[in-house]
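The values are calculated or read from the model by the stated rules, or taken from the named source; none is laboratory data. Just so it is clear, the structure is predicted and the values come from calculations on it, not from any experiment. Glycine gets a Cβ as well: all are built from the backbone with ideal geometry, and neighbour counts include every protein chain shown. Please note that ligands, DNA and RNA were not included when accessible areas were found on the heavy atoms of the full protein model with its side chains. Shrake-Rupley method; radii C 1.70, N 1.55, O 1.52, S 1.80 Å.
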Amino acid sequence: MDLRQLNTLIAIADHGSFSAAARALFTVQSNVSAHISRLEKELGATLIDRQTGRMTEDGNRVLERARRIMHEMDDIRSDMESNDHDVSGDVRLGVIGTIARWAIPPMLRQMSETHSRVHTVVTEGSSSALVPNVVSGLLNAAILHLPIDDPDLIVEPLFDEELLLLAPPEHPLAQREEVDITDLDGVPLLLPPAGAGLRRILERSSLERGVSLNSLAEVDSMRLLAALAVDGHGATIVPATALSETELAGASMVHVSGLPRRRVAWVRRQRPNPSAATRAVHDVIADVIGQRISEDQGLHHSEE
């Protein structure tokens, strides 16, 4: 097994056929076929269905590891080329949507000014979707909300944010400056689906106070929950950073006593150590978030 074979497998997966992979690799199709045949013979498994050009189940397992190996090779190369004054390389960063909206644009601007040779690839998704990609090495790191319970990951808290009631102007609670969680007993709410991180927080807090959550609808997207509330479809509970002031469009963000804050953290694998480029992105995002923290906006320094 060699890197050319793994790179060929990745090219077929990315481009959809042997011929397209050959063009992408600047070689001929016979070389592509030979590399895959040797790899399959060595592993004793069929990796690609020759009729459809798609990965088999075994092929997908090998593909995931092949991508991880190639990423590690890139990181080794970039680390050797980097120094404190001229960091370079790719950084694959996962970010939950509510944070990506306000943290990624200034982070990219600052990175272009201070580390112009670092190429950042940002993937937006939910914490539950991003964690496996950090564990597997497809992502170098991710900005996620806690809790995350995986012994292979290092978790560094970045900030805490309040959970607020977002209500359209006509909602009975919209004019309140603050409500208690008991005021939400039986109130129809737009909620995340069962099993989602925020839903677990709400259910735990409600149970402790004897509150019954009334699900008006379940939506697996924090941004969509917020948009539906602003459009008048009902009230919901979202993190303080879910919407900007201009996006509120008359809707109210109401403090809810009895709800814990949501902790957001930088998460990466324990091994290998992060590349110089990944460390540079971490330092810049920490600086961007530090400048944004404001208790008036529901953002707080993490308390250990």
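Some notes on this structure:
- Scanning residues 5 or more positions from residue 158 or on other chains, those with amide H under 5 Å from its amide H are 264, 265, 266, with H placed 1.01 Å from N in the peptide plane.
- Taking amide hydrogens as placed 1.01 Å from N in the peptide plane, the amide H of residue 240 sits under 5 Å from those of 162, 164, each at least 5 positions away in sequence or on another chain.
- Backbone geometry of the range 178-188 corresponds, through the Karplus equation with coefficients 6.51, -1.76 and 1.60 at θ = phi - 60°, to 3J(HN,Hα) couplings of 8, 10, 8, 4, 5, 5, 9, 4, x, 6, x Hz, x marking Gly and Pro.
- Share of carbon and sulfur in the accessible heavy-atom surface of the chain [1.4 Å probe, %]: 48 percent
- Across the range 262-276, rounded Karplus estimates of 3J(HN,Hα) from the backbone phi angles (6.51 cos²θ - 1.76 cosθ + 1.60, θ = phi - 60°) give 8, 9, 10, 9, 8, 10, 8, 6, 5, 9, x, 5, x, 6, 4 Hz, Gly and Pro being marked x.
- FRET efficiency, residue 135 to residue 2 (Cβ-Cβ, R0 25 Å, nearest 0.05): 0.45
- Antiparallel beta bridges, as assigned by DSSP with both residues in the chain, represent about 55 percent of the total such bridges.
- Residues in the range 45-64 that a label on residue 14 would reach, taking backbone N under 19 Å of a point 7 Å out along Cα→Cβ: 48, 53-56, 59-64
- Selected from 96, 104, 143 as most flexible by GNM, with the chain as the system and alpha-carbon contacts under 10 Å: 104
- Helix-only arithmetic for the chain: the sum of -39500 (n - 2.57) across DSSP H runs with n ≥ 4, divided by the residue total, places the mean residue ellipticity at 222 nm at -13500 deg cm²/dmol.
- Per-residue 3J(HN,Hα) values for the range 56-61, derived from phi via the Karplus relation 6.51 cos²θ - 1.76 cosθ + 1.60 with θ = phi - 60°, read 7, 4, 5, x, 5, 5 Hz in sequence order (x marks Gly and Pro).
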